Amino acid sequence: MSEDMIVLGIETSCDETAAACVRGGTQVLSSVVSSQVDLHSEYGGVVPEIASREHGERMIPVVARAMVEAGLDGSNIDAVAATVGPGLIGALLVGVSTAKALALTWDVPFVAVNHLEAHLYASFLEDPHLEFPLVVLLVSGGHTMLVLMEGHGRYRILGETLDDAAGEAFDKVARYLGLGYPGGPAIDRLSMSGDPEAIRFPRSMLDEGLEFSFSGLKTSVVNYVRKHPDVSTEDVAASFQAAVVDVLVHKVRRAAREHGAKAAAIGGGVAANSLLREQFLGACADDGLAGFVPSRSMCTDNAAMIASAGWYEFQRVGAAEMSTGATPNLRIRTL
Ligand code: KG4
Ligand code: ZN
């Protein structure tokens, strides 16, 4: 087993069809993401049936493009890794089946990757020397959690959301404000011209442990706008975003302090948020923590992080059985 093995990664857990070739877990040779966002936006969210069909249409062209961009053919691929969960079952099955078929054809190992663990690996992809113990704030459309990484593959979940995920809160508030789907990027953009202190929205559970709760905040936004129909949408967006980011940054600091972390990182789609990136790095600098923020394209769903996590998985655990299926509710493997 060679350290510089090339892994083809495949990601189809939600609404991005993605493939990437990564050498040695960190050297990205190609990363292709075909987003279906325009197809789903008219419905205000991801429609699972449409997602599965589109993955089926796009999968092979996306893999072919990733291979061509990397200048590789099947004989250069040492393993094929795919997201096996969590995600939409019909969507996952397209990537898992494609990965197994390619692994069988090329006679190389099939590696099963957990999508959430892959979001953690987006940081290692860009900074392989991050020090353990590392606290990662994982904030996506479906998940919000604080994870303590004690080593590769060694995770402890320190806290999770009790209701909505942070990305879900962005999407729901954006939908209410008529900003379309996905909501995060729209709120991020609009907030640039709003006043984050215009409205003091609640910071739920700020001083209570490491859990999160965002559904009350969403209700506060709705109630406020109903009572003040002439309020500036920019101010609402900026004030809502400030409330979410305040809580996220406060808790990641607390987690790092309580668990003696040397470094902290963020991952998942919401980690693309401008205010979160700025405030997180500022907090790390104040607390003497090595803070790492992956590039925006590594925060949102992509296959380079799958190939990277697949490389670490193969070095540690090895190949998956060909009978490994797609698991919609897959959890992070904790200690
Ligand atoms: O990780 P991801 O691409 O897919 C999941 O695994 O869920 O995350 C998607 C989520 C969506 O809720 C989207 O609104 C949010 O990430 N998001 C953002 C930004 N970009 C994407 N939220 C806030 N600010 C952004 N710039
Ligand atoms: Zn994701």
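The values are calculated or read from the model by the stated rules, or taken from the named source; none is laboratory data. Keep in mind the model is a prediction, meaning the values are calculated, not measured. So basically every Cβ, Gly included, is an ideal-geometry build from the backbone, and we count neighbours across all protein chains shown. Accessible surface is based on the protein model in full, side chains and every heavy atom, while ligands, DNA and RNA are left aside. Shrake-Rupley method; radii C 1.70, N 1.55, O 1.52, S 1.80 Å.
Close contacts from the range 293-307, counting a first residue that is farther than 15 Å from residue 127 by Cβ and in a helix (DSSP H, G or I) and a second that is among the hydroxyl-bearing types (Ser, Thr, Tyr) and near ligand 2 (Cβ under 10 Å from one of its atoms), with Cβ to Cβ under 9 Å and a gap of 6+ residues or different chains, come to 306/83. Among the numbered conditions (1) touching a Gly at 6+ places or on another chain (Cβ under 6 Å); (2) surrounded by 18 or more Cβ atoms within 10 Å (Cβ to Cβ); (3) of a type outside the set (Phe, Trp, Tyr), the only one that residue 17 does not meet is (1).
The set of residues in the range 1-57 being more than 30 Å from residue 127 (Cβ to Cβ), of a type in the set (A, V, I, L, M) and in a helix (DSSP H, G or I) consists of 39, 50, 51. The lone criterion from (1) within 16 Å of ligand 2 (Cβ to nearest atom); (2) closer than 20 Å to residue 306 by Cβ left unmet by residue 45 is number (2).
All of (1) under 18 Å from residue 120 (Cα atoms); (2) free of Cβ contacts under 8 Å to residues at least 60 places away in the same chain hold for residue 286 with one exception: (1).
May I ask you to verify whether residue 271 is within 16 Å of ligand 2 (Cβ to nearest atom) and open to solvent by less than 10 Å² (accessible area, probe 1.4 Å)? Taking the combined requirement at face value, the residue satisfies it. Restricting the range 268-292 to residues that are within 8 Å of ligand 1 (Cβ to nearest atom) and not in a helix (DSSP H, G or I), the residue that is farthest from residue 192 (Cα to Cα) is 268. Exactly one residue out of 135, 84 is under 30 Å from residue 249 (Cβ atoms) and open to solvent by less than 30 Å² (accessible area, probe 1.4 Å): that is 135. Among the residues of the range 56-93, write down those that are within 23 Å of the chain's Cα centre (by Cα) and hydroxyl-bearing (Ser, Thr, Tyr). Selection gives 83 alone. For the range 198-205, does any single residue satisfy the condition of being of a type outside the set (D, E, K, R), modelled with pLDDT under 95 and assigned by TED's automatic domain parsing to the domain that holds residue 145? Yes, that holds for at least one residue. Take the residues of the range 107-124 that are under 15 Å from residue 154 (Cα atoms) and assigned to a helix (DSSP H, G or I): which is farthest from ligand 1 (Cβ to nearest atom)? Across the range 107-124, the extreme among qualifying residues is 124.
The requirement of being surrounded by 14 or more Cβ atoms within 10 Å (Cβ to Cβ), of a type in the set (Asp, Glu) and more than 16 Å from ligand 2 (Cβ to nearest atom) is satisfied by residue 287. Within the range 20-53, being open to solvent by 10 Å² or more (accessible area, probe 1.4 Å) and either in contact with a Ser or Thr (Cβ under 7 Å, 6 or more places away or on another chain) or closer than 23 Å to residue 130 by Cα (or both) holds for 23, 24, 26, 27, 28, 29, 31, 34. Does at least one position in the range 213-227 carry a residue that is in contact (Cβ under 8 Å) with a residue 60 or more places away in the chain and either touching a Gly at 6+ places or on another chain (Cβ under 7 Å) or farther than 21 Å from residue 115 by Cβ (or both)? The answer is no; no qualifying residue exists.
For the range 153-162, the criterion of a residue being within 7 Å of ligand 1 (Cβ to nearest atom), assigned by TED's automatic domain parsing to the domain that holds residue 205, at pLDDT 95 or above and open to solvent by 40 Å² or more (accessible area, probe 1.4 Å) is satisfied by no position. Of 142, 167, which residue is under 30 Å from residue 335 (Cβ atoms), within 16 Å of ligand 2 (Cβ to nearest atom), in contact (Cβ under 8 Å) with a residue 40 or more places away in the chain and open to solvent by 50 Å² or more (accessible area, probe 1.4 Å)? 142 is the lone residue from the list that is under 30 Å from residue 335 (Cβ atoms), within 16 Å of ligand 2 (Cβ to nearest atom), in contact (Cβ under 8 Å) with a residue 40 or more places away in the chain and open to solvent by 50 Å² or more (accessible area, probe 1.4 Å).
Out of all the residues in the range 116-127, is one or more more than 16 Å from ligand 2 (Cβ to nearest atom), modelled with pLDDT under 95 and out of contact with any helix residue (DSSP H, G or I) (no Cβ under 9 Å at 6 or more places or on another chain)? The answer is yes, given that some residue of the range 116-127 is more than 16 Å from ligand 2 (Cβ to nearest atom), modelled with pLDDT under 95 and out of contact with any helix residue (DSSP H, G or I) (no Cβ under 9 Å at 6 or more places or on another chain).
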